[in-house]
Structure formats: structure tokens, C-alpha cells
1. I'd like the full set of residues that are β-branched (Val, Ile, Thr) and buried (at least 20 other Cβ atoms within 10 Å of the Cβ), limited to the stretch 28-58.
2. Could you give every pair whose Cβ atoms fall below 9 Å, whose first residue belongs to the stretch 82-103 and is crowded, with 16+ Cβ neighbours inside 10 Å, and whose second residue is assigned to a loop (DSSP other than H, G, I, E, B) and of a type in the set (Asp, Glu), counting only separations of at least 6 or pairs across chains?
3. Determine whether the stretch 12-25 contains at least one residue that is open to solvent by 70 Å² or more (accessible area, probe 1.4 Å), of a type in the set (Asp, Glu) and under 19 Å from SER70 (Cβ atoms).
4. For the stretch 12-28, give me each residue that is within 9 Å of GLY50 (Cβ to Cβ) and among the small types (Gly, Ala, Ser).
5. What single numbered condition from (1) over 21 Å from LEU1 (Cα atoms); (2) of a type outside the set (S, T, N, Q); (3) open to solvent by 50 Å² or more (accessible area, probe 1.4 Å) fails to hold for LYS67?
6. Can you find even one residue in the stretch 35-52 that is touching a helix residue (DSSP H, G or I) at 6+ places or on another chain (Cβ under 9 Å) and closer than 18 Å to GLY87 by Cβ?
7. Is it true that GLY33 is small (Gly, Ala, Ser), in contact (Cβ under 8 Å) with a residue 24 or more places away in the chain and within 24 Å of ARG5 (Cβ to Cβ)?
8. Give LEU35, LEU40 a once-over and let me know the one that is in contact with a Gly (Cβ under 7 Å, 6 or more places away or on another chain) and at pLDDT 95 or above.
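The values are calculated or read from the model by the stated rules, or taken from the named source; none is laboratory data. These figures come from a predicted structure and were not determined experimentally. Please note: Cβ atoms are built from the backbone with ideal geometry, for glycine as well, and neighbour counts cover all protein chains shown. Ligands, DNA and RNA are excluded from the accessible area calculation, which covers all protein heavy atoms including side chains. Shrake-Rupley method; radii C 1.70, N 1.55, O 1.52, S 1.80 Å.
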Amino acid sequence: LKSDRAVVGWGDNQYGQISVPSDLGRVKAIAAGQLHSLALTEDGSVHAWGSNDHGTNDVPPGLGRVKSISAGGYFSVALKEDGKVIGWGANALGQVDVPGELT
């Protein structure tokens, strides 16, 4: 993430994980999983790209007002401004089964 809020990717791009979308806008945070990447924009929106195996790019509809993101191997989580945690992607080991007190 550059000082002008532009995202730059490099390395293996077999699954498009470093093909940064050109329409992201002003990005304030980035995260990378095994084969996917995430960006959090200043308006609180989350964007995902790369491999969508396991639903890693299927950002939940209506997800907004996000203040932090993180990516695991094949899953992602977002912390919303209200303190709620939202997860999506692979769940074979309960990675996105967010405890009830956090949702």
C-alpha cells in the first residue's frame, strides 16, 4: 500500500491474486490470503480478488462500515465499526464460525 493509497502487487499471479482492480478508490488497508487479496477502502467497503475457491472473493452482500480486515489461507474476516466480526470463505475447521458474542 503506497502513501498515495494505491495498491501494488507482485509475485505469482496464477490466480489473479496480484491483479489489483483499477477501480478500488482510496485504500486504507490490504490483506493477502493463500490465493486471494483484499482491500479496505476509506468508505468502509471491502473488495476481494484472485482465486474464488472456497468463496474467498464472495464478500457478504451489504458488508460495509468495516474498520479492519484480515485474510487467512482460504478465508477472510472483517471487523465492523460496531464491533461485529464477519467471516467468509473456507470453513472446514470453523474459521468463519464467528462466536455469537462477536456477531
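1. Answer for the stretch 28-58, where residues must be β-branched (Val, Ile, Thr) and buried (at least 20 other Cβ atoms within 10 Å of the Cβ): VAL46, THR56.
2. GLY87/ASP97; TRP88/ASP58; GLY89/ASP58
3. No, every residue in the stretch 12-25 fails to be open to solvent by 70 Å² or more (accessible area, probe 1.4 Å), of a type in the set (Asp, Glu) and under 19 Å from SER70 (Cβ atoms).
4. GLY16, SER19
5. Single failed check for LYS67: (1).
6. Yes, the stretch 35-52 has at least one match.
7. yes
8. Just one listed residue meets the conditions, LEU35.
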